[in-house]
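> Handing you a structure now.
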Amino acid sequence: MDFIEKKTLVFQLYDEYERLVQPYKIQAVCEKGCASCCIDVGSVGATTLEGLIILEYIQGWDRQTIKEINRNLRENRNDKLNQVLARCAFLDQEQNCRIYAVRPFSCRRLYSVRKCDGQGAVVHRQAVMVGQKIEKELQKLDADGCSGHLSFILHLLERELFRRGYLKGSWKVEDFRDIIESYELVVHGDKL
């Protein structure tokens, strides 16, 4: 299966999740610009497949914006490595998500039925269980890849050798063991 087919399946899984949790999310108090989950949670997870979708999405952005995003991603990686809560690199000045249309599943599954106010989201147990099922399906779909913090996944995908090998299904864990271990990435499927 090629990237385009997998990308289609990723969005189908996102849609399935939304359909299944719609009765619960209808009670959500989240609103545009809140960004509590993007700042206070400190971990935006993604698969390599989701990382590629994001990279494709931002490819046409102007150079200045990409430069700012890359700076934010570096800061985000450093914060995560130093175990500091890391503000998502894709938040703009108004606390809006610049990649909302292609945000990873870890973002899509977050909502709260009460105002967070720094205390964290309150999510229905049923929605959490559905989210776990969808997450496993995403990892299965990305059998040749990894999961981890978004800025770490994007950093791995910056490496041409990894990206080309990933797209061909031929990269070797031992070639990237230093990044995988230092970023504590989870390797999927047959790559273990």
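The values are calculated or read from the model by the stated rules, or taken from the named source; none is laboratory data. This structure is a prediction, so every number in the text was calculated from the model and none was measured. Cβ placement follows ideal geometry from the backbone for every residue including glycine, while neighbour counts extend to all protein chains displayed. Note: areas computed on protein heavy atoms with side chains; ligands, DNA, RNA excluded. Shrake-Rupley method; radii C 1.70, N 1.55, O 1.52, S 1.80 Å.
> Restricting the stretch 104-120 to residues that are open to solvent by 40 Å² or more (accessible area, probe 1.4 Å) and touching a helix residue (DSSP H, G or I) at 6+ places or on another chain (Cβ under 6 Å), which is farthest from CYS34 (Cα to Cα)?
ARG109
> Looking only at helices (runs of 4 or more DSSP H) that lie completely in the stretch 73-185, which have at least 2 residues being charged (D, E, K, R)?
125-141, 160-168, 177-182
So that you can scan it fast, the table gives a plain yes or no per residue for (1) open to solvent by less than 20 Å² (accessible area, probe 1.4 Å); (2) in contact (Cβ under 8 Å) with a residue 24 or more places away in the chain; (3) closer than 17 Å to CYS107 by Cβ; (4) of a type in the set (D, E, K, R):
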site: THR47; (1), (2), (3), (4): yes, yes, yes, no
site: GLN59; (1), (2), (3), (4): no, no, no, no
site: ILE66; (1), (2), (3), (4): no, no, no, no
site: GLU75; (1), (2), (3), (4): no, no, no, yes
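> Of all residues in the stretch 77-91, which are under 17 Å from CYS37 (Cα atoms) and either within 14 Å of the chain's Cα centre (by Cα) or exposed (fewer than 13 other Cβ atoms within 10 Å of the Cβ) (or both)?
GLN83, VAL84, LEU85, ALA86, ARG87, CYS88, ALA89, PHE90, LEU91, listed by residue number.
> What number of residues within the stretch 118-156 satisfy the criterion of being touching a residue at least 12 places away in the same chain (Cβ under 8 Å) and over 24 Å from HIS188 (Cβ atoms)?
6
> Mind checking whether some residue in the stretch 56-63 is in a helix (DSSP H, G or I) and more than 25 Å from TYR183 (Cβ to Cβ)?
Yes: the stretch 56-63 contains one or more residues that are in a helix (DSSP H, G or I) and more than 25 Å from TYR183 (Cβ to Cβ).
> Hey, could you check the stretch 12-54 for residues that are among the small types (Gly, Ala, Ser) and in a helix (DSSP H, G or I) and say which is farthest from HIS124 (Cα to Cα)?
GLY51
> Within the set of pairs 6+ apart or on separate chains, which have a first residue in the stretch 106-117 that is modelled with pLDDT of 80 or more, a second that is in a loop (DSSP other than H, G, I, E, B) and buried (at least 21 other Cβ atoms within 10 Å of the Cβ), and C-beta atoms under 7 Å apart?
From the stretch 106-117, the pairs are SER106/VAL44; CYS107/VAL44.
> Give the stretch 85-102 a look and list any residue that's out of contact with any helix residue (DSSP H, G or I) (no Cβ under 8 Å at 6 or more places or on another chain) and touching a residue at least 12 places away in the same chain (Cβ under 8 Å), or say none.
GLU94, ASN96
> Assuming ALA101 fulfils every condition listed in (1) more than 23 Å from ILE69 (Cβ to Cβ); (2) open to solvent by 20 Å² or more (accessible area, probe 1.4 Å); (3) among the small types (Gly, Ala, Ser) apart from one, which condition is it?
Answer for ALA101: the failing condition is (1).
> So, in the stretch 155-169, how many residues would count as being touching a Leu at 6+ places or on another chain (Cβ under 7 Å) and within 14 Å of GLU56 (Cβ to Cβ)?
2
> Now for a separate question. I'm trying to understand the selection: among the residues of the stretch 157-173, which are within 16 Å of GLY189 (Cβ to Cβ), open to solvent by less than 60 Å² (accessible area, probe 1.4 Å) and in contact (Cβ under 8 Å) with a residue 24 or more places away in the chain?
Across the stretch 157-173, the qualifying residues are TYR166, GLY169, TRP171.
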